[in-house]
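Below is one structure, written out as structure tokens, with a few remarks after it.
The values are calculated or read from the model by the stated rules, or taken from the named source; none is laboratory data. Predicted model only: the values in this text are computed from it and were never measured. Methodologically, a virtual Cβ is constructed for each residue, glycine included, from the backbone with ideal geometry; neighbour enumeration extends over all protein chains shown. Quick note on the areas: whole protein, heavy atoms, side chains included, nothing else; ligands and nucleic acids left out. Shrake-Rupley method; radii C 1.70, N 1.55, O 1.52, S 1.80 Å.
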Amino acid sequence: MMTQEQCSHRNNVQSSEKPQVYKVGIYGWRKRCLYFFVLLLMILILINLALTIWILKVMNFTIDGMGNLRITEKGLKLEGDSEFLQPLYAKEIRSSPGRSLFLQSSRNVSVNIVNSNNQLLTQLVTGSSGFKARGKMFEVKSTSGKLLFSADEQEVVVGAERLRVMGAEGAVFSKSVETPHVRAEPFKELRLESPTRSLLMEAPKGIQILAEAGDIQAICRNELRLESKDGEIALDAQRIRLMRLPEGKASTSSSSSGTRQTVYEVCVCPNGRLFLSLAGAGSTCQISNNVCL
């Protein structure tokens with residue numbers, strides 16, 4: 001056991017020593033590195049904030065949209081020129097009221113209509129080679145809803161009051177044409193021609209050919225026939241001229257020895273052929289009927 005003197009001596013020694021203090025923290029080069037990293041982080045935050053504000057200013061970000069793009073209740077609104085690098089899918093595309101809609105492409109502009117199975121139904125293509133439309137039917141209507149032009153696999157309908165063909169060669173039809181009226185422009189000629197085949201005009205109630213201020217010419221290489229099955233053919237004019245009719249030759253015994261006459265009579269052969277014969281006191285058709293042989 002420890003005596004009383006030893007205990008008192010130990011207490012005196014402990015009381016004479018100073019208490020020890022333990023420091024907690026980062027000191028020296030570690031503290032300097034920490035301050036450097038905090039300062040670098042603050043600089044990066046300031047640079048990032050400045051770049052964000054600059055981007056927002058340049059791109060014109062607002063609560064309504066970005067730049068020329070505005071977000072409205074009805075959809076997206078683009079102001080100015082817009083360029084799309086990928087396909088555009090939209091329910092409706094329209095311009096601002098009072099302004100035109102302009103579509104431009106370096107190659108072509110295509111509008112496709114597909115069904116639920118992604119099968120092409122209608123296609124509209126405008127490109128450098130021309131304008132193409134594909135579909136079951138094509139219609140053009142006026143502002144009042146009147147049909148102006150319609151085309152499908154069965155027929156092509158022109159519903160305008162007048163169809164004008166401005167080409168120098170006119171219009172070429174490989175098959176029949178059905179129309180109630182064909183006329184030329186004022187002070188222009190109307191010409192119906194079939195270079196290699198026949199030209200047929202027929203109507204159940206009649207055909208009227210009228211030239212109010214000019215002539216009518218019918219020219220053919222072989223025969224020109226005017227035929228009426230149940231009616232008659234009437235030539236109504238102040239003067240009727242039959243050009244290049246053959247002249248019948250009278251026999252020598254029956255020819256007169258007087259002066260040469262310039263008056264002829266028109267004779268008809270049994271086959272319907274016309275010829276001229278010198279007029280006499282009576283009919284001379286029987287004398288000069290050698291043309292009918």
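Observations
- Restricting Ser176, Ser105, Ser198 to residues that are among the small types (Gly, Ala, Ser) and over 30 Å from Ile219 (Cα atoms) narrows the list to Ser105.
- Enumeration of residues in segment 25-78 that are assigned to a loop (DSSP other than H, G, I, E, B) and open to solvent by 80 Å² or more (accessible area, probe 1.4 Å): Ile26, Tyr27, Met59, Ile63, Asp64, Asn68, Glu73, Lys74
- Pairs where the first residue, in segment 211-234, is under 15 Å from Leu199 (Cβ atoms) and the second is open to solvent by 100 Å² or more (accessible area, probe 1.4 Å) and in a loop (DSSP other than H, G, I, E, B), C-beta under 7 Å, 6+ apart: Ile216/Ile209; Ala218/Leu224
- Condition check for Val114: surrounded by 10 or more Cβ atoms within 10 Å (Cβ to Cβ), on the phi < 0 side of the Ramachandran plot and more than 18 Å from the chain's Cα centre (by Cα): yes
- Of the numbered criteria (1) among the hydrophobic types (A, V, I, L, M, F, W, C); (2) open to solvent by 70 Å² or more (accessible area, probe 1.4 Å); (3) assigned to a loop (DSSP other than H, G, I, E, B), the one Ala211 fails is (2).
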